[in-house]
Amino acid sequence: MNLTLKIWRQQNPADKGGLKTYELGGVSEDMSFLEMLDVLNEQLNETGEEPVAFDHDCREGICGSCALMIDGQAHGPEVTTTCQLHMRSFKDGQTITIEPWRADAFPVIKDLVTDRSAFDRIIQAGGYISANTGSAPEANSVPAPRDKATRAFNVATCIGCGACVAACPNGSASLFLGAKITHLGELPQGQPERDGRVASMVAQHDAEGFGGCTNIGECTAACPKEIPLDVISQLNKDLRTAIRHGH
Amino acid sequence: MAGSTLHDGSSPLNQAAKQTSDDAHGYYVAGEPLVDPVTPTGPIADRWTTRRFENRLVNPANRRKLDVIIVGTGLAGGAAAATLGEAGYNVKSFCYQDSPRRAHSIAAQGGINAAKNYKEDGDSVFRLFYDTVKGGDYRSRESNVYRLAEVSTNIIDQCVAQGVPFAREYGGLLDNRSFGGVQVSRTFYARGQTGQQLLLGAYQAMERQVAAGTVTQYTRHEMLELIVKDGVARGIVARDLVSGEIETHLADAVVLASGGYGNVFFLSTNAMGCNVTATWRAHRKGAYMANPCYTQIHPTCIPVSGEHQSKLTLMSESLRNDGRIWVPKKVEDCDKDPRDIPEEDRDYYLERIYPAFGNLVPRDIASRQAKNVCDEGRGVGPLVGDFRRGVYLDFTDAIERMGADVVKEKYDNLFDMYERITGENPYEVPMRIYPAVHYVMGGLWVDYHLQSNIPGLFVTGEANFSDHGANRLGASALMQGLADGYFVLPNTIRDYLADGPFEKITEDDEAVVEARRSVEKRVETFLSINGSRSADSYHRELGHIMWEYCGMERSEEGLRKAIDMIRELKKDFWTDLKVLGTADSLNQSLEKAGRVADFIELGELMCIDALNRRESCGGHFRAESQTEEGEALRHDEEFAYVAAWEFGGEDGSPVLHKEDLIYTAIEMKQRSYK
């Protein structure tokens, strides 16, 4: 395949940045999208142009590092991570525009790399169950209903990539937030801190500059792990309960 | 364990090995024997309890005055950061990723072992210990392994308390499955994403400590040097990968939890950023590297599709519980649609050769037999070069037996992943799999306290060598990472820190200045060679050499050849490397250059270690050491020792120190899975 790539180049956070066009040939449809970028970077290195910076690590769809806006869609045209997207989803001769996540809370560091440390700070605000090492009771002493445990697992699969934020016109991280609230809230171990957790995490979310949710649903459509929209309903419900309880 | 005898651990059951062969003559220097200075004694079941009591305590008021650096935020590093933070130590945590949550433990799929015996199927701490020592082909330290089995049950308790959503039965209790060549069901799992869920548990516990102020996290930071003052580890030099700034961080103790070095093979199931730099820099500063040639090749990976391949993807070997592995009996059937090949023309070779274990034989056997049938020309899938490198993993019988819904429930995310990568639907067409490098059992040498031979330098998880011997059982990597991080290190490092806080050293100390200057010089060198080749191209070439000559099967001739090739490659690297960009910004080519430089040096040492070890053992097969039937042949009388290599200087030869492996609780036996 031959492709025309329009890629966002930005030297540093202060640089204004802009799209630059590259022609790339010899792309096979079995390549992953990131392997296609590897080929481009090898070519740039040969011609003396600095390779394109992009975040990536596990390349098997689980670490959440990769984060590209491809033709205006977070992670591109398939429901998957950028690293699991393969070139068979594109056509010979196609022009592909590649940009970083766009959100106030995710400032660009360089080229396609953004700063997503806001997610860590939301977790720091309460995205955990307080259980010091060594203090745990016997694992089977507290049964967890299977349906609730299954729901907890399904939403705990969030990889923290930020596609939900990038896809949301409001730049809201409500899906990320709702997934963690639902995961911990569905388990018996998560009950003692349930009210405080949601109040504190929502406050941190807002302080980081993420926008509010207006039920558009782009987040769940873009989510590579298919986290369902009802985690946001759960988030709102838990928040109402917490407020009623005086948080 | 039928026919095995229980021993109380009071007397040795084997004699120290005496090596008579010397294949690596001329490539190394013989050093003094090595003895673990803190090795425990007495009945094996009491050793850890006794040691925990004997190890000194640190007064809670003193803990906040003690600084501990932890490099890496996977299961071993993240769990240690959380636990030491909870205890009140002042922890600094480093990772190269943009968040601690992205460390590569996250990609582990299958599960985590624990001797809970919830299935009442005959499991016990002793059986997990026995299986692990046997699985490691009697090349691990028995005291360490017993401790691992012992604390395994605490790990499950801890993770459940943190909210890890393990699979459960309808009654709400935890479910288990049998995994990877084991006849009891002791593996806890969270569908095919167990590593992710365990890591998020450790990450969340660690973030809680960040909020509490006991842990400071440095993300997008890479350790590039160890600071050693008067023979003691006192800090690290790290590069801020965003600003490019070279920083020094000083501490009372340094913990390396930086993972394994499987990426020395270029293609592996490791994440792209996984590297040996933290441990290799420590090695160059004097830390011994133990059994570097012990590599695990995982049998169930998605085969290579072409030259562009950047990494390999593992499919959890839990798939082997229900999938049946086969290749065509006839070479001419290899390019046919597998569904058109009748039952009588299929060779279910693992079931045929190993009727007792069938498709659940250990990883090394499954891998080697896959290679054997492909070498015979009976591989399947696309031709890469002249070979078809793949075998079928077929779920047709499982779907008939259990129904598609149950198969979907168990393996859906793995099947999805497979289809996404290959474009084929495994519910309809049998999967194709091939072995790939997955894990390394080798790593920095540590004593029973997980302390290296450099005082103050501790090493945990995959980065150390201690628990898996020459091969690791499935679902035991997660167990070891969390055992080290939550329960072992916190109970051993306190004995070291009880002597602290140590005299403060300053930024202008000679040892600090020297370490910092060497890092700055190295960065400058990478940027100024200005040759013609990318670091990536050297990495790919190194990987080819390692896979060909130091992979699943090794020979004396091949290893000698590989050493020569690596030495040439190293020369070429330092004269023809091309790194663009600057030192004072995010520069991924620069990061890569440093990692590849260290991989090249490691590769040479791995080949020397493999050359010296003239035996087939655990995960590796040495052509010169096999039975008449072509099975692996171990030589306990020569090689029942840990090979701990000391850095021999820039142009010197590495120095080999041997630590004898003496068993008191288990008798060594040749493995037989037939």
(request) Determine how many Å³ per residue the convex hull of the Cα atoms of segment A:171-247 encloses. (result) 86
(request) Would you mind telling me the antiparallel percentage of the DSSP bridges in chain A, rounded to 5? (result) 80
(request) Between beta-carbons, use under 12 Å as the cut-off and find the net charge around residue B:464, counting Lys and Arg +1, Asp and Glu -1. (result) -3
(message) For a protection proxy built on the mean count of beta-carbon atoms within 10 angstrom, sort B:294-301, B:400-407 highest first, please.
(response) B:294-301, B:400-407
(request) Kindly rank A:105-117, A:169-181, B:342-354 from highest to lowest mean number of other beta carbons found within 10 Å of each residue. (result) A:169-181, A:105-117, B:342-354
(request) Kindly provide the trypsin sites (Lys or Arg not before Pro) of segment B:132-193 that DSSP labels as loop, not H, G, I, E or B, and whose Cβ sees at most 15 other Cβ atoms within 10 Å. (result) none
(request) Grab the eigenvalues of the alpha-carbon gyration tensor for chain A, scale each by 5, take roots, and send me the semi-axes largest first in whole angstrom. (result) 38, 19, 16
(message) How shielded is A:213-225 by partner chains, expressed as the average number of their Cβ atoms within 10 Å of its Cβ atoms?
(response) 0
(request) Could you pull out every residue, at least 5 positions away or on a different chain, whose amide H is within less than 5 Å of the one on residue B:114? Hs are placed 1.01 Å off N in the peptide plane, and Pro or chain starts have none. (result) B:188
(request) Mind checking which of A:56, A:13, A:33 is farthest towards the positive end of segment A:1-115's charge dipole, using Cβ charges of +1 (Lys, Arg) and -1 (Asp, Glu) about the Cα centre? (result) A:13
(request) Provide the percentage of antiparallel DSSP beta bridges, counting only those with both residues in chain B; round to the nearest 5. (result) 70
(request) Could you bin all the Cα-Cα distances of segment A:117-244 into 10 Å bins starting at 0 and give me the percent of pairs in each, rounded to whole numbers? (result) 13, 45, 33, 9, 1
(message) For segment B:288-333, which GluC sites (Glu not before Pro) pass both filters: DSSP loop (anything but H, G, I, E, B) and at most 15 other C-beta atoms within 10 Å?
(response) B:307
(request) Could you tell me the distance between the Cα centroids of segment B:105-126 and segment B:631-674, to the nearest Å? (result) 28
(message) What value in Å³ per residue do you get for the convex hull of the alpha-carbon atoms in segment B:298-438?
(response) 108
(message) Along each principal axis of its Cα atoms, how long is segment A:1-56 end to end? Whole angstroms, biggest number first, please.
(response) 37, 23, 17
(request) Just tell me how shielded B:150-162 is by partners: mean number of partner chain Cβ atoms within 10 Å of each residue's Cβ, no decimals. (result) 5
(message) Between segment B:360-381 and segment B:552-567, how far is it from one alpha carbon centroid to the other, in angstrom?
(response) 22
(message) What's the whole-number percent of alpha carbon pairs in segment B:66-116 lying beyond 14 angstrom?
(response) 56
(request) Work out the mean other chain Cβ neighbour count within 10 Å for the residues of B:273-282 and drop it here as an integer. (result) 1
(message) Within 9 Å, Cβ to Cβ, of residue A:45, how many net charges do the neighbouring residues add up to if Lys/Arg are +1 and Asp/Glu are -1?
(response) -3
(request) Ratio to report: Rg/Rh of chain B, with Cα atoms as the point set and Rh obtained by the Kirkwood method; give two decimals. (result) 0.95
(message) Largest first and in whole Å, what are the equivalent-ellipsoid semi-axes of segment A:14-106 based on the Cα gyration tensor, each being the root of 5 times an eigenvalue?
(response) 19, 18, 14
(request) Per residue of segment B:527-543, in order, report the coupling 6.51 cos²θ - 1.76 cosθ + 1.60 (Karplus, θ = phi - 60°) as ³J(HN,Hα) in whole Hz, putting x for Gly and Pro. (result) 7, 10, 4, 6, x, 10, 10, 6, 4, 4, 5, 5, 4, 4, 5, 4, x
(request) Determine by what factor the alpha-carbon radius of gyration of segment B:370-420 differs from 2.2 N^0.38 Å, reporting the quotient. (result) 1.46
(message) Counting pairwise Cα distances across segment B:79-238, what percent come out greater than 27 angstrom?
(response) 37
(message) I'd like the distance separating the alpha-carbon centroids of segment B:57-76 and segment A:155-195, in whole Å.
(response) 30
(message) I need the phi-derived Karplus couplings for segment B:312-324: 6.51 cos²θ - 1.76 cosθ + 1.60, θ = phi - 60°, integer Hz, Gly and Pro marked x.
(response) 10, 10, 7, 10, 3, 6, 4, 4, 6, 5, 10, x, 10
(request) May I ask you to evaluate 6.51 cos²θ - 1.76 cosθ + 1.60, the Karplus curve with θ = phi - 60°, for each residue of segment A:234-242 and list the ³J(HN,Hα) values in order in whole Hz, giving x for glycine and proline? (result) 4, 4, 5, 5, 5, 5, 4, 4, 4
(request) Label the protein assembly as shown by shape, choosing from rounded, prolate and oblate, from the square roots a ≥ b ≥ c of the eigenvalues of the Cα gyration tensor; if a/c is under 1.5 it is rounded, and otherwise prolate applies when a/b is larger than b/c, oblate when it is not. (result) rounded
(message) How large is the Kirkwood hydrodynamic radius of segment B:129-217, counting all unique pairs of alpha carbons, in Å?
(response) 15.1
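Taken together, the values in this text are just the output of simple stated rules run on the coordinates, not laboratory data. Quick caveat: nothing in here was measured; it's all calculated off a predicted structure. Every residue, glycine among them, receives a Cβ derived from its backbone with ideal geometry; neighbour counts consider all protein chains shown.
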